[in-house]
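Peer 1: My questions will all concern the structure given below.
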Amino acid sequence: MEKTITVLPVYYETIFRSPGQHERRLGFWVDRIGKADYVKGPLSRLRVLGQYAVVAVESGDGEIITRGKGVHKVCRGDALLLMPSEPAAYGPRRKWSTRWIVWNGPAARQAADAMELERRSPVISGGAEVVRGTFDRLAGLMALEDVAGALERQAVVLNMLSAIARPRGAETACAPAGPDWEALLLYIRGHLNARLTPAGMASFCHMSAPHFRRMFRRHTGRSPMEFVMAERIARAKSLLIRGMPIKHSAQAVGFADRFYFMRVFRKVAGQTAGQFVASNRGSRPRMEEER
């Protein structure tokens, strides 16, 4: 494998966010955060990111290859630590869900040197929970352009680094596990506007459809589609409260037919969408879509 790593081609990341004036003065900025699902693909080349990054693996397992540290297994719940100049590639054995944080700047390099991050394994065992908490805090700070926002982002990332830099247990093989229900529910909530079927959800859990239906009801108390519909209506309620018209709210949560949405809304919520809007907006006039 070492010979294979040495011959893999290397490419350099070219997508960077220009830091704001306060971030430049601080010498530290969060370039971007994000999350996505990936399916298995060939690890055919290594990337030099040019920035610091952590990647939380929230479901699935796989591996990471780095030019200097070799091949490492990655389990659900682990986090990957990527250094700016280290060529690396990573991916799932079948499929996985990840979220990531990318940051940079002279102060970021000083922090990395002080914590000796270059010497660490690229796999932080059990680190996904720390990354997920950091991601959630950053999500509410990314739009802030003042100095306070830049300082808060820096503090949040440095707190994360201090947590993952603490000594942890040695890397172990990924243990066989049952269905990752948390990952499935996260997937459902992230794809409410897509076509969700029991067969597709069963495939996500690597289970047969009949067995999946039984296990899902045992875990949630509902059938898969009852759960999906309840989640869609809960999301629609949130959109309606924010002022989105009923028609657009229906489309945003996967209902192409507004009238079918209205029927499901009434069944799940115990009132019509128009009644829900009126009760949450006081005397605001009803919109055309609500008539």
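The values are calculated or read from the model by the stated rules, or taken from the named source; none is laboratory data. None of the values given here were measured: they were computed from a predicted structure. Cβ placement follows ideal geometry from the backbone for every residue including glycine, while neighbour counts extend to all protein chains displayed.
Peer 1: So, in the range 36-60, exactly how many residues are closer than 18 Å to Trp181 by Cα and either touching a Cys at 6+ places or on another chain (Cβ under 9 Å) or surrounded by 13 or more Cβ atoms within 10 Å (Cβ to Cβ) (or both)?
Peer 2: Qualifying residue count, the range 36-60: 7.
Peer 1: Would you mind finding the one in Arg25, Arg76, Arg32, Arg93 that is of a type in the set (Lys, Arg) and in contact with a Cys (Cβ under 8 Å, 6 or more places away or on another chain)? Give the derivation first.
Peer 2: On the way: Arg25 fails: in contact with a Cys (Cβ under 8 Å, 6 or more places away or on another chain); Arg32 fails: in contact with a Cys (Cβ under 8 Å, 6 or more places away or on another chain); Arg93 fails: in contact with a Cys (Cβ under 8 Å, 6 or more places away or on another chain).
Residue meeting the stated conditions: Arg76.
Peer 1: Same structure again: Considering only residues that are part of a strand (DSSP E or B) and not hydroxyl-bearing (Ser, Thr, Tyr), look in the range 90-100 and name the one that is modelled with the lowest pLDDT.
Peer 2: Lys95
Peer 1: Condition first: of a type outside the set (A, V, I, L, M, F, W, C) and either surrounded by fewer than 17 Cβ atoms within 10 Å (Cβ to Cβ) or farther than 28 Å from Tyr38 by Cα (or both). Now tell me which residues in the range 96-109 satisfy that.
Peer 2: Gly105, Pro106, Arg109 - these are the residues of the range 96-109 that are of a type outside the set (A, V, I, L, M, F, W, C) and either surrounded by fewer than 17 Cβ atoms within 10 Å (Cβ to Cβ) or farther than 28 Å from Tyr38 by Cα (or both).
Peer 1: Being of a type in the set (Asp, Glu) and farther than 20 Å from Trp29 by Cα is the filter here; which residues of the range 87-113 pass it?
Peer 2: The first filter runs over the range 87-113 and keeps only residues of a type in the set (Asp, Glu), leaving 113.
Correct list: empty.
Peer 1: Filtering the range 71-89 down to residues that are among the charged types (D, E, K, R) and not in a strand (DSSP E or B), which residue is farthest from Val10 (Cα to Cα)? Quick ask: steps written out before the conclusion?
Peer 2: Taking the range 71-89 and keeping what is among the charged types (D, E, K, R), we get 73, 76, 78, 86.
Filter once more, so that each one left must be not in a strand (DSSP E or B): 76, 78, 86.
Details: Arg76: 27, Asp78: 25, Glu86: 10 Å.
Within the range 71-89, the match that is farthest from Val10 (Cα to Cα) is Arg76.
Residues checked against (1) under 21 Å from Asn159 (Cα atoms); (2) at pLDDT below 90:
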residue: Tyr11; (1), (2): no, no
residue: Ile15; (1), (2): no, yes
residue: Gln21; (1), (2): no, no
residue: Gly34; (1), (2): yes, no
residue: Gly70; (1), (2): no, yes
residue: Val74; (1), (2): no, no
residue: Pro87; (1), (2): no, no
residue: Val102; (1), (2): yes, no
residue: Met115; (1), (2): yes, no
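Peer 1: Which of the following residues is surrounded by fewer than 20 Cβ atoms within 10 Å (Cβ to Cβ), within 16 Å of the chain's Cα centre (by Cα) and assigned by TED's automatic domain parsing to the domain that holds Asp31: Ala139, Ala128, Ala112?
Peer 2: Only one candidate passes the filter, namely Ala139.
Peer 1: Do we find that Glu118 is closer than 30 Å to Pro42 by Cα, among the acidic types (Asp, Glu) and assigned to a loop (DSSP other than H, G, I, E, B) in this structure?
Peer 2: no
Peer 1: Sticking with this one: Would you say Arg120 is touching a residue at least 40 places away in the same chain (Cβ under 8 Å), surrounded by fewer than 17 Cβ atoms within 10 Å (Cβ to Cβ) and farther than 14 Å from Leu161 by Cβ?
Peer 2: Against the criterion (touching a residue at least 40 places away in the same chain (Cβ under 8 Å), surrounded by fewer than 17 Cβ atoms within 10 Å (Cβ to Cβ) and farther than 14 Å from Leu161 by Cβ), Arg120 does not qualify.
Peer 1: Quickly run through the range 23-40 and pick out the residues that are basic (Lys, Arg) and either assigned to a loop (DSSP other than H, G, I, E, B) or closer than 16 Å to Arg137 by Cβ (or both).
Peer 2: Residues of the range 23-40 basic (Lys, Arg): 24-25, 32, 35, 40.
Arg32, Lys35, Lys40, listed by residue number.
Peer 1: On to the next question. Of Ser203, Ser223, which residue is surrounded by fewer than 16 Cβ atoms within 10 Å (Cβ to Cβ) and at pLDDT 90 or above? Don't jump to the end; show me each part of the working.
Peer 2: Values: Ser203 fails: at pLDDT 90 or above.
Selected residue: Ser223, the only one of Ser203, Ser223 that is surrounded by fewer than 16 Cβ atoms within 10 Å (Cβ to Cβ) and at pLDDT 90 or above.
Peer 1: Look at Phe255 and say whether it is on the phi < 0 side of the Ramachandran plot and in a helix (DSSP H, G or I).
Peer 2: Against the criterion (on the phi < 0 side of the Ramachandran plot and in a helix (DSSP H, G or I)), Phe255 does not qualify.
Peer 1: Does the range 185-194 contain at least one residue that is in contact with a His (Cβ under 9 Å, 6 or more places away or on another chain) and either in the same structural domain as Val54 (by TED's automatic domain parsing) or at pLDDT below 85 (or both)?
Peer 2: no
Peer 1: While we're looking at this one, here's another question. Exactly one of these conditions fails for Phe261: (1) modelled with pLDDT of 90 or more; (2) surrounded by fewer than 13 Cβ atoms within 10 Å (Cβ to Cβ). Give me its number.
Peer 2: Failing condition for Phe261: (2).
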